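Trainee: Mind having a look at this structure? Questions to follow.
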Amino acid sequence: EAGVTQFPSHSVIEKGQTVTLRCDPISGHDNLYWYRRVMGKEIKFLLHFVKESKQDESGMPNNRFLAERTGGTYSTLKVQPAELEDSGVYFCASSQEGGDSRSSYNEQFFGPGTRLTVL
Amino acid sequence: QKEVEQNSGPLSVPEGAIASLNCTYSDRGSQSFFWYRQYSGKSPELIMSIYSNGDKEDGRFTAQLNKASQYVSLLIRDSQPSDSATYLCAVSPYSGGGADGLTFGKGTHLIIQP
């Protein structure tokens, strides 16, 4: 079974440019999450999709960030315009809806991440 | 502000010994707890989940949860050099209504000395 995949693995852009990150969750996983790790800090939650709906976007830093999940499959995270402080590693994770049992609920599996550098 | 605290380390443990990693959390409503292992430059890998007070064992790994003390730990028995990594503690307020985003600690860097 394929894991969570993310594209690109690295992106270097200049301040003010636009970047779009893509995440393909594990097949059959209705829950999709975006996280970000800024250097020296802990991994921070950005938002959560259940299928195509945004369940929780309380972690989105500002309106320069736009996430979509059309059709409830893959998701994109667009940063427009990018600022220096947006640099970091963006992780995507997915989990099953409900899980197989209480013992596996909300187990989230992470993708390899996209390392974004804004110059 | 929900917080998860971990000692950043490095924690150095001789090969074959028991490595003990600790984590405390601030949100008393937290219900599900996870340990991830992250090798340098790689993605976090889920190694243990625990939901009830007490111990949960899986191979060489044992997770321990004490909700009254808001404390989670991970024990690694018979430590191997391949266990050298950063271990991340993550907490979720799952309450049966739906899956949730995780709150992570900064991680503990574990070094297993051959």
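Trainee: Any residue in segment B:71-86 that is more than 27 Å from B:Gln113 (Cβ to Cβ) and polar (S, T, N, Q)?
Mentor: The answer is no; no qualifying residue exists.
Trainee: Looking at segment A:48-60 only, could you name the residues that are open to solvent by 60 Å² or more (accessible area, probe 1.4 Å) and either facing chain B (nearest Cβ under 10 Å) or part of a loop (DSSP other than H, G, I, E, B) (or both)?
Mentor: A:Lys51, A:Glu52, A:Gln55, A:Glu57, A:Ser58
Trainee: Related question: Test of understanding: among B:Ala90, B:Ala68, which residue is among the small types (Gly, Ala, Ser) and within 14 Å of another protein chain (Cβ to nearest Cβ)?
Mentor: B:Ala90
Trainee: When only residues in segment B:2-28 that are touching a Lys or Arg at 6+ places or on another chain (Cβ under 9 Å) and over 16 Å from B:Leu110 (Cα atoms) count, which is farthest from the other protein chains (Cβ to nearest Cβ)?
Mentor: Top of the filtered list is B:Arg28.
Trainee: Okay, moving on. Go through A:Phe45, A:Phe65 for me and flag whichever is more than 10 Å from chain B (Cβ to nearest Cβ) and within 12 Å of the chain's Cα centre (by Cα).
Mentor: A:Phe65
Trainee: Check A:Gly88 against each of (1) small (Gly, Ala, Ser); (2) on the phi > 0 side of the Ramachandran plot; (3) open to solvent by 60 Å² or more (accessible area, probe 1.4 Å) and name the one condition it does not meet.
Mentor: Tallying (1) small (Gly, Ala, Ser); (2) on the phi > 0 side of the Ramachandran plot; (3) open to solvent by 60 Å² or more (accessible area, probe 1.4 Å), A:Gly88 fails exactly one: (3).
The values are calculated or read from the model by the stated rules, or taken from the named source; none is laboratory data. Since the structure is predicted, the reported quantities are computational estimates derived from the model, not experimental observations. Cβ sites come from the backbone with ideal geometry, for glycine too, and all protein chains shown count toward neighbours. Please note that ligands, DNA and RNA were not included when accessible areas were found on the heavy atoms of the full protein model with its side chains. Shrake-Rupley method; radii C 1.70, N 1.55, O 1.52, S 1.80 Å.
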